[in-house]
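What follows is a single structure, written as structure tokens, with notes after it.
The values are calculated or read from the model by the stated rules, or taken from the named source; none is laboratory data. Model, not experiment: these values are computed from the prediction. Cβ placement follows ideal geometry from the backbone for every residue including glycine, while neighbour counts extend to all protein chains displayed.
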Amino acid sequence: MLTNILTVALPEIIILISAMSVLLLGVFFKNKNASSLFGITQLALLIAAYFTSQLPIESKLLAFNDMFVADSLSLYLKLLSYFGLSLVLIYSRDYLLKKNLLNGEFFSLVLFALLGINLIISSYHLLTLYMGIELLSLSLYTLVAIDRKRKEATEAAMKYFILGAVASGFLLYGFSMLYGITGSLYLSKISEQIGVTEINPMILSFALVFVTVGIAFKFGAAPFQLWVPDVYQGSSTPITMFIGSVPKFASVAMLIRLLYQTLDHLVMDWQLMLLVMAITSMLLGNITAIAQTKIKRLLAYSTISHVGFMLLGLATGTITGISAALFYIATYVLMTLASFGLIIRLSNQRGDIDKISDLSGLVKDQPWVAFLLLIIFLSLAGIPPTIGFYAKFSIIQATLQFGWIWPAVIAVISALIGIYYYLRMIKIAYFDDTIKATKTSKSVNNELNLTLTMNVLALIVLGLFPSTLMDIATLTSALIF
Amino acid sequence: MMSFILSIAIWTPICLGILLLIIQKKLSTNVVYKLGNIFGFIAFLITIPLYIFFDTTYSGFQFQEISPWISHFSIQYHLGLDGISLPLVMLTSFITWLVIFISSNSINRSLGSYIASFLILSGLMIGVFLALDAILYYVFWEAMLIPMFLLIGVWGGPNRVYATIKFFLYTVLGSLLMLVAFIYLFNQTGSFSIVDFYTKQLSLNTQVFLFIAFFMAFAVKIPMWPMHTWLPDAHVEAPTGGSVILAAIMLKLGAYSFIRFAMPIAPDGLLLLKPYLIAISLIAIVYIALVAIVQTDMKKLIAYSSISHMGFVTLGLFMLNPLGFEGGYIQMISHGFISAALFFSIGVLYDRMHTREIKDYGGVINSMPLFGSFFVLFAMANSGLPGTSGFVGEFLVILGAMQENFWIAFLAALTLIFGATYSLWLVKRTIFGVVKNKKIAGLVDLNAKEFFVMSALAVLTLTIGIYPALITDITNQSSIVMLELIQQSKI
């Protein structure tokens, strides 16, 4: 029994131990020595990644009385999460050090959030799932407020907390109804029960709607997107980068676990809900982004539109759709990390970048950084030969294969609207004259520079050879069921 | 070596362009110019073997290269050359070299990046002409927008940002619908190979929708009325080289893609929509020519004349008879040379006078006799004077139209009058007449570089005008096969 737990949940145990030890060690390693905490955290991620990759991809391993599962989906998403978090830490190190925020609490909260993400990804029971959601959410609320001297941060944390609590309430309400009508909290058993027994459709549809609303909120999909721009704007940039990237893996996993593996018999019912949310998110995100003047708000709305694309793939209810969404989420996180990494790099150099116009004339004093910006935003816009194109391509392919022609056309139109504001960013960096006198005296950490360059080059290299990542996503989605 | 000849033609300019981008920082402008010039010449030289080893008696695709690229969607790296793409590839590499050759005259900042953009652009455009896989083609087609976007945006005129964003968005709008069409075809055939698309049977309804999706993409590029409004803006704001590439090659991409995709894939849809397509082409020919007459900006005038001439190309292609097809094709190549020459000429004037308003000119011939002669020649060729390449294409298209219907031919032939009106009136107002002001009296005639470019284009214009078989021999076999494919019903 214990050996079983040790093989299946070893990565989570490692993360938990390191989260607590980092918190303890943080008392002794104060600000200047925080780099050892940084090292410990990265090492923990590496070890966790090693043990995760040792798990077989083909089989479904269960632990903790079948409440915890390790399958292809968890393998794929967990490995990506470690990778994403590792990049987040590299990008944010200097920035946080300067703001006196690089301490044990930060590393510990980030690791607890990761633990929550892993729990959600691996959950096979509604309680595990809920525990993961709460662990992740509570860590995120605190992370937003970690810069407690800033009023905006506190305000954003408050808003995030209240709306997040309401969403958790919705989820919990839905869960309790599912428990009431099926008598079980195991995902597979709920699915079985719904398939065989006659159930009051009224309660079932209420349960479905509550669960879907909860998922949509955590995802940040329209019309439950109101928290996204405020939280993005209020948090300090590294925290925004974290919230915008790695937890999205958990949201995708939550959706697949709850809708595909639990409520799979109701596919006709949730399909339409997801489709409507997908279309609203794509259009609302892209149209609202046009009017933004702050970079982080712009990226927040851009996130909402990307979430719409992922939901469109997931709404098809097919393996092709899941595979397209899994591919999309990986590329989305890679692009998001690059875009925030670039903002942090510039912020380290010339003070906080807030308005879009702060980027004007970038090409004149830093042509290489401007080139990186060009690639990042072309990729977000989905222009080949960057990876962003194949992400949108596979979603549209899945949609058309399912027979949805009009949703595909709407997706294409919203992509076009998106291109407009991404181009505006490039225009500001390339064609506009410098407004703000820039002082580029401060040198930038080589580690950050190198990581950013590799990250952006990956967008092109994967764009030229997307085959491997696509095959992995396809394999993963084929093995889920 | 021979088996990778097409890949070499695509990737050499792209790699040289990237190399130039990297090394330009440490070099002086003069060295960068010389190096760029050598690179441009190399990129041109490596397309010559295509012409030498091309088998004109074979109608299929030659020098094919196939290797798997994205196996999940069975997308292949599939290249091939036929008689329809060969002249356009040669045109691309040649015009790009000329543009780079003359670049040092008008560009005074970041010359290295300017030249590198053209090299990369040229490789991508050749890629569009050679790709036989729909997604490979699409990647080249979209990627091509990026260097052009930067060329207009960075080196363009005062209103460049508006123009370049408009250019980008118009083109992308069309091409995204084309992407939907490609994916639809993929779901039907299970492959992205163009050859597989040709043989797929499709219902009439589907064909009409597919044709409209393709039409949105290609009509914007050509551009056909009423999607043409981006072109005058882009031309006026673009630097000379950008205008030349836009007019000489980018517009041809749209017409080429009609031949390669829309027409053979959806022939019945084409047949159903034929009357409307002919009507749109005629509107472009007549109405846009009238618009060209009243322009006060020289570059805008030539831009409108380009739209009008591209109307001739589409009219010829949509006639669906051999004469029209051949005529439309020759018109494409000929317009490539003539419009390039005209934009170069305007560049020559603009570099000296820094104005493009027609009213600021007059009597240029007195101070620039050499330039004046060339300009008159190209203006004549633009209006379709016999002996120049402009005549051959227009004549064949009018003959083709005559086979179809007298009134179509009549309306199309009106262009010979309107074309002569705007071209010759432009010449009268700028080149001839009394010397307008002191600046014109002090103009310096063509320098050696400009003379070389002008005479090269003049020789080509006259050669094709006198001996059009130079082009038709290459295209003949392929266009016969293509026309058969287009005339076959696929329902």
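Among the residues of the stretch A:319-336, is there at least one that is within 17 Å of the chain's Cα centre (by Cα) and over 23 Å from residue A:408 (Cα atoms)?
yes
Confirm whether residue A:221 is closer than 30 Å to residue A:246 by Cβ and assigned to a loop (DSSP other than H, G, I, E, B).
The answer is yes for residue A:221.
What tally of residues in the stretch B:1-57 results from selecting those that are at pLDDT 85 or above, hydroxyl-bearing (Ser, Thr, Tyr) and within 27 Å of residue B:76 (Cβ to Cβ)?
Here the count works out to 4.
Checking residue A:216 against (1) assigned to a helix (DSSP H, G or I); (2) surrounded by fewer than 23 Cβ atoms within 10 Å (Cβ to Cβ): exactly one of these is not met. Which one?
(2)
Among the residues of the stretch B:95-109, are any modelled with pLDDT under 90, within 10 Å of another protein chain (Cβ to nearest Cβ) and surrounded by 22 or more Cβ atoms within 10 Å (Cβ to Cβ)?
no
Do we find a residue being in a loop (DSSP other than H, G, I, E, B) and either free of Cβ contacts under 8 Å to residues at least 12 places away in the same chain or β-branched (Val, Ile, Thr) (or both) anywhere in the stretch A:18-28?
Checked the stretch A:18-28: no residue is in a loop (DSSP other than H, G, I, E, B) and either free of Cβ contacts under 8 Å to residues at least 12 places away in the same chain or β-branched (Val, Ile, Thr) (or both).
Table: residues versus (1) surrounded by 24 or more Cβ atoms within 10 Å (Cβ to Cβ); (2) away from chain B (no Cβ under 14 Å); (3) without any contact (Cβ under 8 Å) to a residue 60 or more places away in the chain; (4) not hydrophobic (A, V, I, L, M, F, W, C).
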| residue | (1), (2), (3), (4) |
| --- | --- |
| A:344 | yes, yes, no, no |
| A:351 | no, yes, yes, yes |
| A:359 | yes, yes, no, no |
| A:371 | no, no, yes, no |
| A:374 | no, no, yes, no |
| A:378 | yes, no, yes, no |
| A:383 | yes, no, yes, no |
| A:388 | yes, no, no, yes |
| A:391 | yes, no, no, no |
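Within the stretch B:125-161, which residues are over 21 Å from residue B:237 (Cβ atoms), within 10 Å of chain A (Cβ to nearest Cβ) and either under 17 Å from the mean Cα position of the chain (by Cα) or free of Cβ contacts under 8 Å to residues at least 40 places away in the same chain (or both)?
B:139, B:140, B:141, B:142, B:143
Quickly run through the stretch A:270-319 and pick out the residues that are surrounded by 19 or more Cβ atoms within 10 Å (Cβ to Cβ) and among the charged types (D, E, K, R).
Result: A:296, A:297.
Assigned to a helix (DSSP H, G or I), charged (D, E, K, R) and under 28 Å from residue B:425 (Cβ atoms), is that true of residue B:299?
So residue B:299 passes the test.
Has the stretch A:44-54 got any residue that is touching a Ser or Thr at 6+ places or on another chain (Cβ under 9 Å), exposed (fewer than 13 other Cβ atoms within 10 Å of the Cβ) and at pLDDT below 90?
Taking every residue of the stretch A:44-54 in turn, at least one turns out to be touching a Ser or Thr at 6+ places or on another chain (Cβ under 9 Å), exposed (fewer than 13 other Cβ atoms within 10 Å of the Cβ) and at pLDDT below 90.
Against the condition within 18 Å of the chain's Cα centre (by Cα), in a helix (DSSP H, G or I) and more than 25 Å from residue A:326 (Cα to Cα), how does residue A:141 come out, does it pass?
Yes: the conditions hold for residue A:141.
Can you pull out the residues in the stretch A:394-406 that are closer than 25 Å to residue B:149 by Cβ and within 7 Å of chain B (Cβ to nearest Cβ)?
A:396
Taking the stated definitions as given, is residue A:323 outside the structural domain of residue A:222 (by TED's automatic domain parsing), at pLDDT below 90 and assigned to a helix (DSSP H, G or I)?
It is false that residue A:323 is outside the structural domain of residue A:222 (by TED's automatic domain parsing), at pLDDT below 90 and assigned to a helix (DSSP H, G or I).
What are the pairs with Cβ atoms under 6 angstrom where one residue, in the stretch B:163-176, is more than 10 Å from chain A (Cβ to nearest Cβ) and at positive phi and the other, located anywhere, is of a type in the set (Ser, Thr, Tyr) and in a helix (DSSP H, G or I)? Sequence gap at least six, or different chains.
Correct list of pairs: empty, since none qualify.
Within the stretch B:464-480, work out how many residues are surrounded by fewer than 16 Cβ atoms within 10 Å (Cβ to Cβ) and touching a residue at least 60 places away in the same chain (Cβ under 8 Å).
Of the residues in that region, 3 qualify.
Can you give me the number of residues within the stretch B:73-94 that are away from chain A (no Cβ under 14 Å) and part of a strand (DSSP E or B)?
Residues flagged as away from chain A (no Cβ under 14 Å) and part of a strand (DSSP E or B) within the stretch B:73-94 amount to 4.
Residue pairs, Cβ under 8 Å, 6 or more apart or interchain, first in the stretch A:58-78 and free of Cβ contacts under 8 Å to residues at least 12 places away in the same chain and part of a loop (DSSP other than H, G, I, E, B), second β-branched (Val, Ile, Thr) and crowded, with 16+ Cβ neighbours inside 10 Å. List them.
Within 8 Å, the pairs are A:60/A:69.
Scan the stretch A:171-199 residue by residue and report those that are surrounded by fewer than 20 Cβ atoms within 10 Å (Cβ to Cβ), out of contact with any strand residue (DSSP E or B) (no Cβ under 6 Å at 6 or more places or on another chain) and among the aromatic types (Phe, Trp, Tyr).
Residues satisfying the conditions are A:173, A:179.
Given (1) buried (at least 23 other Cβ atoms within 10 Å of the Cβ); (2) closer than 18 Å to residue A:396 by Cβ; (3) more than 8 Å from chain A (Cβ to nearest Cβ); (4) not aromatic (Phe, Trp, Tyr), where does residue B:191 come up short, assuming only one miss?
In the conditions (1) buried (at least 23 other Cβ atoms within 10 Å of the Cβ); (2) closer than 18 Å to residue A:396 by Cβ; (3) more than 8 Å from chain A (Cβ to nearest Cβ); (4) not aromatic (Phe, Trp, Tyr), residue B:191 misses (1) alone.
Pick from the stretch B:434-463 the residues that are hydroxyl-bearing (Ser, Thr, Tyr) and surrounded by fewer than 20 Cβ atoms within 10 Å (Cβ to Cβ): which of them is farthest from residue B:84 (Cα to Cα)?
Among those that are hydroxyl-bearing (Ser, Thr, Tyr) and surrounded by fewer than 20 Cβ atoms within 10 Å (Cβ to Cβ), it is B:455.
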